[in-house]
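Working notes, beginning with the structure itself.
The values are calculated or read from the model by the stated rules, or taken from the named source; none is laboratory data. Since the model is a prediction, treat every value here as computed from it, not as a measurement. With ideal geometry, Cβ positions are generated from the backbone for all residues, glycine too; neighbour counts draw on all protein chains shown.
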Amino acid sequence: KSIALELSQPLYRGGRTVNETQSAKEMVFAARARVTEVEQQVLLAAVTSHFDVVHAQEVTNLNANNEKVLARKLQATSDRFEVGELTSTDVFQAEARLADATASRIAAEGDLSISRARYHAIVGVFPTKLDFPSQESMPELFDLDTGRQLSMQRNPEIIAAAHYERAALYKISVAAGVLLPEVTLDTSIARAANPTTFTDEQDSFQIGLTGRIPLYQSGSEYAEVRELRMIAVQRRRELDTVRRQVEEDFLRTWEQLMTARARILSFKVSVTANEVALDGVNQEAEVGVRTILDVLDAEQELFEAKANFVRVRRDEAVATFKLLSISGGMTAANLNLPVEIYDPGQHYYLVKEKWIGFDEDNKGGSFFDMDFGDLLNKSSFLDFLD
């Protein structure tokens, strides 16, 4: 009878161990950037749905108010027709405008219901009365050059693509390491019972170095290295593509923001001017200088100016937060949201030195932190399999 314990520890594997570790780290960092990307997408979708609801609410209110105004206008026109001041044509014109306003109000209410449903799907609750935030509570923006530079440095899509490229480069070194020599430390301890008629026990201990030099293995290793080089080139091209797409997205959103801000100023003037014009047209209509159609046209122009003003306010707000997202700042931590902040690096630092085990208590550590006595209680292995 005999019992033996053999241990083998690689000392040199052609650099594969180091490069495999580095490649795995790069994949972890890429996944971490993807987490940030998803976080930004969720928050941007929530912000966009918020402003969509605000816009739909404002447009619905404008349509409802316009319908009431035109209903009163129709009644006044009918009364004046009864006394012979106006013709039936004036009544039909007012009635047609009221019907159009009613249809617009119904469509606006439908759009509001759709926006509320989308908000519920993203946020998880139906919105109450929402409003545009004050200018002071909006995120501070940067100039064009600073924003473009930040988007190239902090955009999570670019960060992830860069880590994927570095991981691919390390994988080339891993594959090339197969062509290099390997050195392994081998040890064995053995005990034999009654090995001969002259001894009851015999112990033996051996230690040595084993070297392995690859000569030729049908060329598959060289083919794999060539394949991985092409994959690394692909990752480089993907990184370049992502950078160009992010830059294009940033410039397009920047122009949308500048356009929205310029249109806000114009529509403010338009609303004020149309209010004054409507008041003047009403006064002129009372003395017979203007027709009912002129009054209805003035009402419609004021309504459209107010609706356009609400629309560009929504566009400005969404573009502002989209720029923040492109530059990597659309996160709960950066926005100081009153929520528990998820740190994607916490688990990595807890387990990066852990050789075995599942770290139930969030303490991290190494092999020596593994409590095998827990196998009889609530072991990490048993809990993992449950």
Filter result for F250 (among the aromatic types (F, W, Y) and in a strand (DSSP E or B)): no
Sole residue being over 29 Å from D315 (Cβ atoms), touching a helix residue (DSSP H, G or I) at 6+ places or on another chain (Cβ under 6 Å) and assigned by TED's automatic domain parsing to the domain that holds G177, chosen from E85, E58, E37, E26: E26
Residues that are in contact with a Pro (Cβ under 8 Å, 6 or more places away or on another chain) and either outside any helix (DSSP H, G or I) or closer than 21 Å to A305 by Cα (or both), drawn from the stretch 50-92: V53
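Output the residue which, of all residues in the stretch 182-192 that are polar (S, T, N, Q) and surrounded by 14 or more Cβ atoms within 10 Å (Cβ to Cβ), is nearest to the chain's Cα centre (by Cα).
Applying the filter and picking the extreme gives T184.
So which of E247, E221 ends up being touching a residue at least 60 places away in the same chain (Cβ under 8 Å) and surrounded by 11 or more Cβ atoms within 10 Å (Cβ to Cβ)?
Details: E221 fails: touching a residue at least 60 places away in the same chain (Cβ under 8 Å).
Going through E247, E221 in turn, just one is touching a residue at least 60 places away in the same chain (Cβ under 8 Å) and surrounded by 11 or more Cβ atoms within 10 Å (Cβ to Cβ): E247.
Picking from E109, E95, which residue would you name as being in the same structural domain as S327 (by TED's automatic domain parsing), surrounded by fewer than 21 Cβ atoms within 10 Å (Cβ to Cβ), part of a helix (DSSP H, G or I) and touching a Ser or Thr at 6+ places or on another chain (Cβ under 6 Å)? Walk me through how you get there before you give the answer.
Values: E95 fails: touching a Ser or Thr at 6+ places or on another chain (Cβ under 6 Å).
On inspection, the qualifying residue turns out to be E109.
Residue-by-condition table, conditions (1) farther than 28 Å from I213 by Cβ; (2) buried (at least 18 other Cβ atoms within 10 Å of the Cβ):
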residue: S134; (1), (2): yes, no
residue: S137; (1), (2): yes, no
residue: N155; (1), (2): yes, yes
residue: A168; (1), (2): no, yes
residue: L180; (1), (2): no, no
Cross-chain or 6+ apart pairs with Cβ under 6 Å, the stretch 171-192 first and over 29 Å from S2 (Cα atoms), then surrounded by 15 or more Cβ atoms within 10 Å (Cβ to Cβ) and among the hydroxyl-bearing types (S, T, Y): K171/S23
